[in-house]
Amino acid sequence: MDFNSLIVGGIPLLVVIFGLVEFSKSLGLTGKWLTVLSLALGFAFGVAFQVANAGIPTAFGGWFVVVVFGLALGLVTSGFYDFVDSRLPKVG
């Protein structure tokens, strides 16, 4: 899966998800809930991206691809968030 091609309106989709997670963090969301939010946002945006590009699937195979793509994007964003959050010094 090439995550460099996840561009919506000229904006990388991963940047939007990371931005939303950081925004939630500024509102007071912390810990594992940020990871869960990142997974959920990645899944939701991944499914929306697939449907927007390929249309609504009509068969199981099409839905399976959409769900797996959404899960992969969600896992990448939540894993990357945890990786960076645990290694960078806390600010503030």
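The values are calculated or read from the model by the stated rules, or taken from the named source; none is laboratory data. Since the structure is predicted, the reported quantities are computational estimates derived from the model, not experimental observations. Cβ coordinates were reconstructed from backbone atoms using ideal geometry, including for glycine residues, and neighbour counts include every protein chain displayed. Accessible surface areas use protein heavy atoms only, side chains included; no ligands, DNA or RNA. Shrake-Rupley method; radii C 1.70, N 1.55, O 1.52, S 1.80 Å.
Over segment 1-79, what relative contact order in percent results from Cα pairs under 8 Å that are six or more residues apart? Across segment 1-79, relative contact order equals 34 percent. Quick one: angle between helix 60-87 and the longest Cα principal axis of the chain, in degrees between 0 and 90, rounded to 10, please. Between helix and principal axis, roughly 10 degrees. Every helix of 4 or more DSSP H residues in the chain counts as -39500 (n - 2.57), and over all residues that averages to -24500 deg cm²/dmol at 222 nm. Between the listed residues 10, 41, 26, the Cα displaced farthest toward the positive end of the dipole of the chain, a dipole computed from Cβ unit charges relative to the Cα centre, is found at 26. What is the percent carbon and sulfur in the accessible area of segment 13-52, measuring with a 1.4 Å probe over the protein chains and ignoring ligands? With neighbouring chains kept in place, the figure for segment 13-52 is 79 percent.
With respect to the chain, whose longest principal axis is taken over its alpha-carbon atoms, helix 13-26 is tilted by about 40°. Take the chain with all the other protein chains still there, run a 1.4 Å probe, and you get 65 Å² of accessible area per residue.
Relative to the longest principal axis of the Cα atoms of the chain, the long axis of helix 32-54 makes an angle of roughly 30 degrees.
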